[in-house]
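Data block below; observations after.
The values are calculated or read from the model by the stated rules, or taken from the named source; none is laboratory data. None of the values given here were measured: they were computed from a predicted structure. So basically every Cβ, Gly included, is an ideal-geometry build from the backbone, and we count neighbours across all protein chains shown.
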Amino acid sequence: MDSPPEVAALYRLDDSLSEPERAVREVVARLVQSEVLPVIGQHFRAGTFPAQVVARLGELGVLGANLGGYGCAGLSNVAYGLAMQELERGDSGLRSFASVQTSLVMWPIHRYGSEEQKQRWLPRLARGEAIGCFGLTETEAGSDPASLRTRAARTKGGYVLNGSKAWITNGALAHLALVWAKTDDGGPESVRGFLVDTTTRGFSAREIPGKFSLRASSTAELSLVDVRVEESDVLPGVHGLKGPLSCLNQARAGIAFSVTGAAIACFEGARAHALERQQFGRPIAAFQLTQAKLADMLERIVVAQTLGLHLLRQKDAGRASPTLVSLAKRANVRAALTTAREARSIYGASGITDDTPPIRHLLNLESVYTYEGTHEVHTLVLGKAITGIDAFG
């Protein structure tokens, strides 16, 4: 049961979007409706990734959509964000796949890679013929990436990598791993990005078992034991933590907008359920407390959409500061998570099953709340911007 047009108009933002941007949203929305929603519950329950959708994303130009050349669509960041929003409406696992592929693998190659690296990888990644993962996080280096322990020892013609990575989206599916490691040069500029073909001897990936969140996503531990990487596979355009941190900032902007897709799915589902579910002789939508919950959910979605759209417009204009990115990621993920929780309460007992949207989105958003910078880290980023005092550490 769709929302009334005057309500849906509040969060569809049609009057604020160009015709091409609306067209991108509708194309991806149709894909999600016809090919994702019918199967995503089964994948979530089984803990499997809907790999059959990857080729379709490539055909539609979604992967690397906001990059230009090398087979990429060259769309605006707003158009890309709308595509991610629709994927998130399907499931965070699918959106996470596309976010990692685009912002954490393709973007750094596009921004910092050599011409040979761009020609070799970007067209294949854009078509979905190759899958990439981003190897930064380690068990002892999450919010503090400067403490990463993976090492790259200089050898004739390249490097030898040793170390491990944890919680790596797409890790067990990937053909290419962008691994961040410290070289033996030492100093703040010693962190480098290495393009590792996952068939290279000494590289292995293992799915992390027992997840109750992002179950329809591939999440792996990576192991690198004497992995040989040629000099030509090192990103030449960046040294130091600026490399991985700029990638994460790129991804966060898309996430800040896309999480509204999960909130919209929960709101629309809860509204329909409230109109159908009868208690005390009338639909629960007739009760004031239920209407208050729905009003709060709608308000959060519209505010988050407005902030997210502002961020992506600023990004298209080259004016999106890291502080604005942190503000939007922090505010919008919290808004989506709170919306999912309220939707779950409207569904009552049925809201805890994966036959209905809220619990799946709720569990997924618990991960989004802490990845790409935890809620607390973004709080400290904002605190430093507000006061001028660094409270980290």
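Based on this model, can you work out whether Val62 counts as aliphatic (A, V, I, L, M), in contact with a Pro (Cβ under 8 Å, 6 or more places away or on another chain) and modelled with pLDDT of 95 or more? If you could, list the steps in order and put the result at the bottom.
Working: aliphatic (A, V, I, L, M): yes; in contact with a Pro (Cβ under 8 Å, 6 or more places away or on another chain): no; modelled with pLDDT of 95 or more: yes.
Answer is no for this residue.
Listed residues Asp14, Asp2; which is more than 20 Å from the chain's Cα centre (by Cα), over 15 Å from Ala98 (Cα atoms) and without any contact (Cβ under 8 Å) to a residue 40 or more places away in the chain?
On the way: Asp2 fails: without any contact (Cβ under 8 Å) to a residue 40 or more places away in the chain.
Only one candidate passes the filter, namely Asp14.
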Tell me, yes or no, whether the range 43-53 has at least one residue that is touching a Gly at 6+ places or on another chain (Cβ under 8 Å) and under 21 Å from Ala253 (Cα atoms).
-> no
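Just give me the residues in the range 248-283 being at positive phi and hydrophobic (A, V, I, L, M, F, W, C), in sequence order.
If the condition is that a residue be at positive phi and hydrophobic (A, V, I, L, M, F, W, C), then Phe280 is the only one that fits.
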Which residue pairs have Cβ atoms closer than 9 Å, lie 6 or more positions apart in sequence or on different chains, and pair a first residue in the range 84-104 that is under 20 Å from Leu122 (Cβ atoms) with a second residue that is of a type in the set (Asp, Glu) and modelled with pLDDT under 95?
-> Ser99/Glu372
Considering every residue within the range 224-235, establish whether at least one is in contact with a Pro (Cβ under 7 Å, 6 or more places away or on another chain) and crowded, with 19+ Cβ neighbours inside 10 Å.
-> yes
Would you kindly identify the helices (runs of 4 or more DSSP H) lying entirely within the range 1-119 that contain at least 2 residues that are buried (at least 21 other Cβ atoms within 10 Å of the Cβ)?
-> 19-31, 37-46, 52-59, 77-90, 92-99, 107-112
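Table: residues versus (1) at pLDDT 95 or above; (2) over 25 Å from Lys118 (Cβ atoms); (3) among the aliphatic types (A, V, I, L, M); (4) touching a strand residue (DSSP E or B) at 6+ places or on another chain (Cβ under 9 Å).
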{"residue": "Gly132", "(1), (2), (3), (4)": "yes, no, no, yes"}
{"residue": "Thr137", "(1), (2), (3), (4)": "no, yes, no, yes"}
{"residue": "Gly157", "(1), (2), (3), (4)": "no, no, no, yes"}
{"residue": "Leu161", "(1), (2), (3), (4)": "yes, no, yes, yes"}
{"residue": "Ser164", "(1), (2), (3), (4)": "yes, yes, no, yes"}
{"residue": "Leu178", "(1), (2), (3), (4)": "yes, no, yes, yes"}
{"residue": "Asp184", "(1), (2), (3), (4)": "no, yes, no, yes"}
Since Ala73 meets every condition but one in (1) out of contact with any helix residue (DSSP H, G or I) (no Cβ under 7 Å at 6 or more places or on another chain); (2) within 19 Å of Ala177 (Cα to Cα); (3) among the aliphatic types (A, V, I, L, M), which condition does it not meet?
-> (2)
In this structure, is Arg120 in the same structural domain as Val62 (by TED's automatic domain parsing), charged (D, E, K, R) and under 22 Å from the mean Cα position of the chain (by Cα)?
-> no
Going through the range 120-173 in order, the residues found to be surrounded by fewer than 17 Cβ atoms within 10 Å (Cβ to Cβ), in a helix (DSSP H, G or I) and without any contact (Cβ under 8 Å) to a residue 24 or more places away in the chain are Ser147
Taking the condition in contact with a Gly (Cβ under 9 Å, 6 or more places away or on another chain), at pLDDT 95 or above and closer than 29 Å to Val53 by Cα, does Glu207 pass?
-> yes
